[in-house]
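One structure below.
What follows draws every value from the coordinates through simple rules; no lab data is involved. The structure displayed is predicted, hence computed values, not measured ones. Note that each Cβ is placed from the backbone with ideal geometry, even for glycine, and that neighbours are counted across all protein chains shown.
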Amino acid sequence: MKTYGFLLILMAALLHASAAAAQDISANPAPTSGAFDTVVDEYFDLYFGFHPTAATAAGFHQYDEKLEDLSRAGLEREAAALRSFLPKLEKARSAPLPQQSADDLEFVQSQIRSRLLELETIRMWEKDPDPYASQPAYSLFLLMKRHFAPPEVRLRSIIARERQIPAMLDAARHNLKNPPKVYTNVALQQIPGTIEFFRRDVPEAFSVVKDPKLLAEFRASNQQAITALEKYENFLREDLLPVSHGDFRLGAENFQKKLLYDEMVDIPLARLREIGYADLRRNQEQLKQIAAQIDPRRSTGEVLATLRNDHPAPDQLLQTFRDALGSLRRFIEQNHIVTIPSTAEPVVEETPPFSRALTSAAMDTPGPYETKDTQGIFEVTLPDRSWKPDKVREYMEEYSRGIIVSTATHEVYPGHYLQYLWSLRAPSKVRKLLYCDSNSEGWAHYTEQMMLDEGYSKDPRIRLGQVTDALLRDARFIAGLEMHTGNMTLDQATEFFVKEGYQVRPIAEMEAQRGTNDPTYLVYTLGKLQIRKLREDYKQLRGDKFTLQEFHDHFMEQGGLPLRIVRRAMLGNDSPTL
């Protein structure tokens, strides 16, 4: 259950390269399987050279003092280097390789094409003003949230990154051209929280530092960043908003290409639309049946409104989540759902002050190469003590008991935390560091229904929470597709979330806005449906030897690859994913 605050940026699609890749490779011999690791290492050196924030997240801290270069020249260098690297990758793929290595390189190649589509064709860097402010904030947040080094060391990295923020905001002024009005409005909504993050949260995260010289440097760099952000806010309001008349729609051709490169999905859009609506109708019918089971005298909407008030008291919220996680883990182990490859359990804590603007509940796992601070933390944001009772009540409606179970399943057991534990034993660097959203989010969403189907709870209120979440993802599926192919306006998408997705209006407005710059947020339902089909096909292949745990373990072993490649590995063929 994540909020869409000022750090809503999509890191998974970032691909990296450097000018070194532009060297002529025609004289190089064709790589053999022995050269595979060298090619992969070179790729990730380039990868993190262009995107040091992703390096910090992964656990590579030699990049901690660098910030992304989002200037036009920097982005053009990245695109040129990626294009120069593709032939080297293609040569590596043409050599005799183990199937696992060939699959890894196919995924890397697809991701490079995805990044080139973004840089050269979609060009969000000319349209969306928000990442220029949210990206550096997220970059600092990664240095704050994990104690992988003493606070003084991390604060020096904070200072180094803060000093580069004014240049990033200058790049925004030069890059942005006729953005969609919704993008500029969202940026204006987000930036006060970003500025407050620098004013309050960053200093608070390093309150234990006492070195006077270091603190003086930090106060100067932090104030410089705040001043630059305040000027950027004024630029957004006074200069950019009046000329924000652009179109956010990708168009059918780019939408199809984005799906192909990001997710390796080549299903025609007309067929995808049919798939999305069919799943929506199935879940709507199930919602009505469950609501009638709970109270046949009330409408579905009235039952949902009543259940939103079925939540623990704020001071019991953390313990309620702890109880849910313990119960989920015991059920998984007792019923042989999937192997949990570690006895390490995440701790459940209140979200720290410097990250409460980012999320209401989320799994915080270290990067796969983080060696110092490796504790998994499930963070839950409690109501602020300064809030009035009405605001507390409204906030706690997001923690109804059905949603608590769905959230705990999605984020922890057997969702994202389990994925993290398996990623630590992934067989290759590619599978540790890259993932496909329809695999990652598809798995987490798939588990919400799977656990209840396997008997975790017979309480119809819990099932209603799961189906409500499924309807939200169905509405994303359809709204994103329809908006970006010109069949639905932003206002129509908002109404769709309300009427067809059974979402309250504030959530509907936020979700529709998200869809304007996250066009393929259909990945949740798309991935879930692909995994369900894979399970049925695998069951047919295995016959009497099929067990749910063996299927899930075999799936986890593949890492975060696109489902097309996972199917090939598990079934031995290239049959359709849906």
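Choose one of LEU464, TYR420, THR447: the residue whose Cα lies farthest towards the positive end of the charge dipole of region 388-475 (beta-carbon charges +1 Lys, Arg; -1 Asp, Glu; about the Cα centre).
Selected residue: TYR420.
What spacing in nm lies between the two simple spin-label points modelled at ARG385 and VAL347, each 7 Å away from Cα in the Cβ direction?
If labels sit at ARG385 and VAL347, their model points lie 2.0 nm apart.
How big is the shadow of the Cα convex hull of the chain, averaged over all directions, in nm²? Mind dumping the intermediate values first?
Details: hull surface 105.6 nm².
Computing the convex hull of the Cα atoms and averaging its projections yields 26.4 nm².
Quote the FRET efficiency, to the nearest 0.05, computed for GLN99 versus ARG173 with a Förster distance R0 of 41 Å and r equal to the Cβ-Cβ distance. Let's see the in-between values first.
Details: r = 48 Å, r/R0 = 1.18.
After rounding to 0.05, the efficiency reads 0.25.
Read phi for every residue in region 113-119 and hand back ³J(HN,Hα) as whole Hz from Karplus 6.51 cos²θ - 1.76 cosθ + 1.60, θ = phi - 60°, with x for Gly and Pro.
5, 4, 5, 5, 4, 5, 5
Tell me which residues come under 5 Å, amide H to amide H, from ALA361 once H is placed; ignore anything under 5 positions away on its chain.
Close amide H contacts, sequence-distant or interchain: THR3, THR381.
I want the local charge near GLY402. Using Cβ-Cβ distances under 11 Å, sum +1 for each Lys or Arg and -1 for each Asp or Glu among the other residues. List each step's numbers first, then the result.
On the way: positive: ARG308, ARG401, ARG461, ARG463; negative: ASP310, GLU448, ASP459, ASP469.
Every neighbour counted, the sum reads 0.
Within the P(r) computed for region 56-100, what percentage of the Cα pairs occupies the region above 17 Å? Mind showing how you got there, number by number?
Working: 592 of 990 pairs.
Above the 17 Å cut-off, region 56-100 has 60 percent of its Cα pairs.
For region 55-148, with only Lys/Arg (+1) and Asp/Glu (-1) charged at the beta-carbon, what is the dipole magnitude about the Cα centre, in debye rounded to 20? Show your work: numbers first, answer last.
Working: 13 positive and 15 negative charges, 33 e Å.
My answer is approximately 160 debye.
Classify region 280-340 as rounded, prolate or oblate from the Cα gyration tensor: take a ≥ b ≥ c as the square roots of its eigenvalues, call it rounded if a/c is under 1.5, otherwise prolate when a/b beats b/c and oblate if not.
Details: a/c = 3.30, a/b = 1.45, b/c = 2.28.
Taking the square roots of the gyration eigenvalues as a ≥ b ≥ c, region 280-340 is oblate.
Length gain on complete extension for the stretch MET124 to GLN334, per 0.36 nm per residue less the alpha carbon to alpha carbon distance? Working shown, then result.
Numbers: separation 210, 0.36 × 210 = 75.60 nm, distance 4.76 nm.
My answer for the length gained is 70.8 nm.
Just going by the charge dipole of region 126-247, with Lys and Arg at +1 and Asp and Glu at -1 on Cβ, which of PRO131, LEU240, GLN223 is farthest out on the positive end?
Toward the positive end, the furthest listed residue is GLN223.
Quick one: Karplus J couplings for region 246-256, per residue in order, coefficients 6.51, -1.76, 1.60, θ = phi - 60°, nearest Hz, x for Gly and Pro?
x, 10, 7, 5, 6, x, 4, 5, 5, 4, 5
If you take the C-alpha gyration tensor of region 126-247, multiply each eigenvalue by 5 and take the square root, what semi-axes do you get, largest first, in whole Å? All intermediate terms of the calculation are to be shown ahead of the outcome.
Values: eigenvalues 181, 31, 26 Å².
Working from the Cα gyration tensor, I get semi-axes of 30, 13, 11 Å.
Please report, in whole Å, how far the alpha carbons of region 256-525 spread along each principal axis, starting with the longest.
In descending order, the Cα extents are 49, 47, 40 Å.
Label region 421-479 by shape, choosing from rounded, prolate and oblate, from the square roots a ≥ b ≥ c of the eigenvalues of the Cα gyration tensor; if a/c is under 1.5 it is rounded, and otherwise prolate applies when a/b is larger than b/c, oblate when it is not.
Details: a/c = 4.79, a/b = 1.65, b/c = 2.90.
Judged from the Cα gyration tensor, region 421-479 comes out oblate (a/c at least 1.5, b/c at or above a/b).
Using all Cα-Cα distances in region 156-312, what percent lands in each 5 angstrom bin from 0 up to the longest?
Per 5 Å bin, starting at zero, the Cα-Cα P(r) for region 156-312 comes out as 2, 7, 10, 10, 8, 8, 10, 11, 12, 10, 6, 3, 1, 0 percent.
Would you mind computing, in nm to one decimal, how far apart the modelled labels at SER575 and ALA160 are, each placed 7 Å from Cα along Cα→Cβ?
Here the modelled spin labels are 5.2 nm apart.
HN-Hα J couplings of region 265-278 from phi, Karplus 6.51/-1.76/1.60, θ = phi - 60°, integer Hz, Gly and Pro as x?
Listing the rounded values in order: 10, 10, 5, x, 4, 4, 5, 4, 4, 4, 5, x, 5, 5 Hz.
Check GLN375: other-chain or 5+ apart residues with amide H under 5 Å from its amide H, H built from backbone geometry?
Amide H neighbours of GLN375: none.
Between ARG393 and GLU230, what is the label-point separation in nm under the 7 Å Cα-to-beta-carbon projection?
Going from the GLU230 label point to the ARG393 one covers 3.9 nm.
Where the centre of each part is set by its Cα atoms, how far does region 459-509 sit from region 365-422, in angstrom?
Their Cα centres are 22 Å away from one another.
Grab the beta carbon distance between ALA270 and ASP211, set R0 = 60 Å, and tell me the FRET efficiency rounded to 0.05. Please report the intermediate quantities before stating the final value.
Working: r = 62 Å, r/R0 = 1.04.
FRET efficiency, ALA270 to ASP211: 0.45.
At a 10 Å Cβ-Cβ cut-off, how would you order ILE403, ILE294, fewest neighbours first?
Working: ILE403 23, ILE294 18.
Exposure proxy ranking, most exposed first: ILE294, ILE403.
Taking only C-alpha pairs under 8 Å that are 6+ residues apart, what is the relative contact order of region 147-305 in percent? Please report the intermediate quantities before stating the final value.
Details: 88 pairs, mean separation 46.2, N = 159.
Relative CO of region 147-305 lands at 29 percent.
Compute the semi-axes of the equivalent ellipsoid of region 239-396, taking the square root of 5 times each eigenvalue of the Cα gyration tensor, and list them largest first in whole Å. Before the final figure, lay out each step's value.
Values: eigenvalues 211, 150, 123 Å².
Listed largest to smallest, the semi-axes of region 239-396 are 33, 27, 25 Å.
Give the residue from SER94, TYR502, LEU75 lying farthest towards the positive end of the charge dipole for the chain; charges sit on Cβ (+1 for Lys and Arg, -1 for Asp and Glu) and the dipole is referred to the Cα centre.
Selected residue: TYR502.
Counting only residues 5 or more places away or on other chains, whose amide H sits under 5 Å from the amide H of LYS66 once H atoms are built in the peptide plane?
none
Please say if region 42-161 is rounded, prolate or oblate, where rounded means a/c under 1.5 for a ≥ b ≥ c the square roots of the C-alpha gyration tensor eigenvalues, and otherwise the choice is prolate for a/b larger than b/c and oblate otherwise?
Numbers: a/c = 2.63, a/b = 1.46, b/c = 1.80.
Here region 42-161 falls in the oblate category.
Considering all alpha-carbon pairs of region 405-514, what whole percent are spaced by more than 25 angstrom? All intermediate terms of the calculation are to be shown ahead of the outcome.
Working: 2145 of 5995 pairs.
In whole percent, the share of Cα-Cα pairs in region 405-514 beyond 25 Å is 36.
So, with +1 on the Cβ of K and R and -1 on the Cβ of D and E, and no other charges, what is the size of the charge dipole of the chain about its Cα centre, to the nearest 20 debye? Could you put the intermediate results ahead of the total?
Working: 71 positive and 81 negative charges, 64 e Å.
Dipole size: approximately 300 debye.
From a point 7 Å beyond the Cα of GLN293 in the direction of its Cβ, which residues of region 440-464 have a backbone N at a distance under 18 Å?
Within reach of a label on GLN293: 448-464.
Would you order HIS147, HIS51 from fewest to most other beta-carbon atoms within 10 Å of each residue's own beta-carbon? Don't skip to the answer; put the middle values down first.
Working: HIS147 11, HIS51 25.
Listed from fewest to most nearby Cβ atoms, that is HIS147, HIS51.
Tell me, ASP279, ASP239 in order of fewest to most beta-carbon neighbours within 10 Å?
On the way: ASP279 20, ASP239 11.
So the ranking, lowest neighbour count to highest, is ASP239, ASP279.
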